[in-house]
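The values are calculated or read from the model by the stated rules, or taken from the named source; none is laboratory data. Remember, predicted model here, so these are calculated numbers, not experimental data. Every residue, glycine as well, gets a Cβ built from its backbone with ideal geometry; the counts of neighbours run over all protein chains shown. Please note that ligands, DNA and RNA were not included when accessible areas were found on the heavy atoms of the full protein model with its side chains. Shrake-Rupley method; radii C 1.70, N 1.55, O 1.52, S 1.80 Å.
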Amino acid sequence: MKISLVLLVLLLAAAWAGRQGVSFRSSKVTCCPKEKFFHHKIPEAKILEYQYTSSSCTHKAVLVTLPGGMVCVDPGKRWFQKYLRKQKNPNSTSK
């Protein structure tokens, strides 16, 4: 009976952690200090992936993965907004 209760508690804890978005693999939050932002346009073909930084970070940023590593980008930059629109609508030919 005690083992069943322990297993039930562990199962409930795991389910709760999953709903809260908690990762047991990494609790590190990656933020970008303002002085580390990359200020030039990045060619779209070089962008492998991107992810927004946490809302708990001081500066809003996007971590952009390139073949040589990651850089921080201002998500409000015009070229990045254009890139996002193309990602959402790949058939678009707007300039």
Which percent of the accessible area of the stretch 30-89 is formed by carbon and sulfur heavy atoms (probe 1.4 angstrom)? 51 percent
Within the set Lys36/Lys77; Lys46/Lys82; Lys60/Lys88; Lys34/Lys77; Lys46/Lys77; Lys36/Lys88, which residue pairs have Cα atoms separated by over 19 Å? Lys60/Lys88; Lys36/Lys88
Might you tell me the accessible area per residue for the stretch 30-89, computed with a 1.4 Å probe and given in Å²? 71 Å²
Assuming R0 = 25 Å, can you tell me the calculated FRET efficiency for the pair Asn91 and Ser56, based on Cβ-Cβ distance, to the nearest 0.05? 0.10
Starting from the Kirkwood Rh over alpha-carbon pairs, what translational D in µm² s⁻¹ does the stretch 30-89 have by Stokes-Einstein at 25 °C and 0.890 mPa s? 209 µm²/s
Relative contact order (percent) for the stretch 51-95, with alpha-carbon contacts under 8 angstrom and 6 or more residues of separation? 21 percent
Roughly what % of DSSP beta bridges within the stretch 30-89 run antiparallel, to the nearest 5? 90 percent
Give, in nm to one decimal, the length gained when the segment between Lys34 and Leu63 is fully stretched (0.36 nm per residue of separation minus the Cα-Cα distance). 9.2 nm
